[in-house]
């Protein structure tokens, strides 16, 4: 959890996060969260009524602090999407909890901010088509299942083939990257996939999960992507979206390291790339 505060502090030190461009969301309303989640599940989580099995699957101990943070994070992605429509690009310094399913938590993910935001933007008439482009090393299984019957939302997951979850869901498009793959093969897959989707699906908004657990030293990653590879990926994704004039909202996704400061800097890569592309 420490990485979130460290990421914000790092961006402040670099002069990228300022009072003028930083927004703090409040707690999400239940009506918003219910667009992607079972109301009964929401109540069980908020009031500590989950079974022991549910808590184990969640992977986190329940606390009031966890509830507070969990209710804010999806609102952050929702706000980011709205800011992206206004400014072309906006970056949420959290989010990407793509393992959360309709009625249960999984893999440290309790509420699925990507699914909730995509459905909310459609429900409000802000957009007609949303692309969720998930480059976290793990498949976005919760996103896929929640949105499986939503033709206006295209779910794409580019992930390591031999990683969590063991039982994969069916996204609209799943691109499996072989365990141990390095920069060139990975970047080619990202480029070809996104280029095709932008041309064929023609989204009005892209939600980009810029997970950095693809990094070669990430303990939960199993890929061999360098720091420079992450930079090239983020530059590639944001540049393609900008070239097609498609507003893009980013979330940080997964990333794991005992060196929290190094991890925060990796999560900052896509924000730095956004500043370079959109303020040039």
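The values are calculated or read from the model by the stated rules, or taken from the named source; none is laboratory data. Predicted model only: the values in this text are computed from it and were never measured. Every residue, glycine among them, receives a Cβ derived from its backbone with ideal geometry; neighbour counts consider all protein chains shown.
Points worth noting:
- Matching residues, region 9-34, being without any contact (Cβ under 8 Å) to a residue 12 or more places away in the chain, assigned to a helix (DSSP H, G or I) and closer than 27 Å to residue 262 by Cβ: 12, 13
- Looking across region 156-196, just one residue is touching a strand residue (DSSP E or B) at 6+ places or on another chain (Cβ under 7 Å), farther than 25 Å from residue 80 by Cβ and in contact (Cβ under 8 Å) with a residue 60 or more places away in the chain, and that is 160.
- Only listed residue being at negative phi, in a helix (DSSP H, G or I) and either over 17 Å from the mean Cα position of the chain (by Cα) or surrounded by 23 or more Cβ atoms within 10 Å (Cβ to Cβ) (or both), chosen from 264, 249, 280: 264
- Checklist (1) surrounded by fewer than 20 Cβ atoms within 10 Å (Cβ to Cβ); (2) out of contact with any helix residue (DSSP H, G or I) (no Cβ under 9 Å at 6 or more places or on another chain); (3) over 29 Å from residue 121 (Cα atoms) applied to residue 228, failing item: (2)
- For region 197-225, a residue qualifies if it is in a strand (DSSP E or B) and over 18 Å from residue 127 (Cβ atoms), and the qualifying residues are 215, 224, 225.
- Filtered by the rule that a residue be touching a helix residue (DSSP H, G or I) at 6+ places or on another chain (Cβ under 8 Å) and outside any helix (DSSP H, G or I), region 51-68 gives 60, 61, 62.
- Any chance residue 42 is under 22 Å from residue 163 (Cβ atoms), part of a helix (DSSP H, G or I) and either modelled with pLDDT under 95 or in contact with a helix residue (DSSP H, G or I) (Cβ under 7 Å, 6 or more places away or on another chain) (or both): no
- Checking each residue in region 197-221 for being without any contact (Cβ under 8 Å) to a residue 40 or more places away in the chain and touching a strand residue (DSSP E or B) at 6+ places or on another chain (Cβ under 7 Å) picks out only 216.
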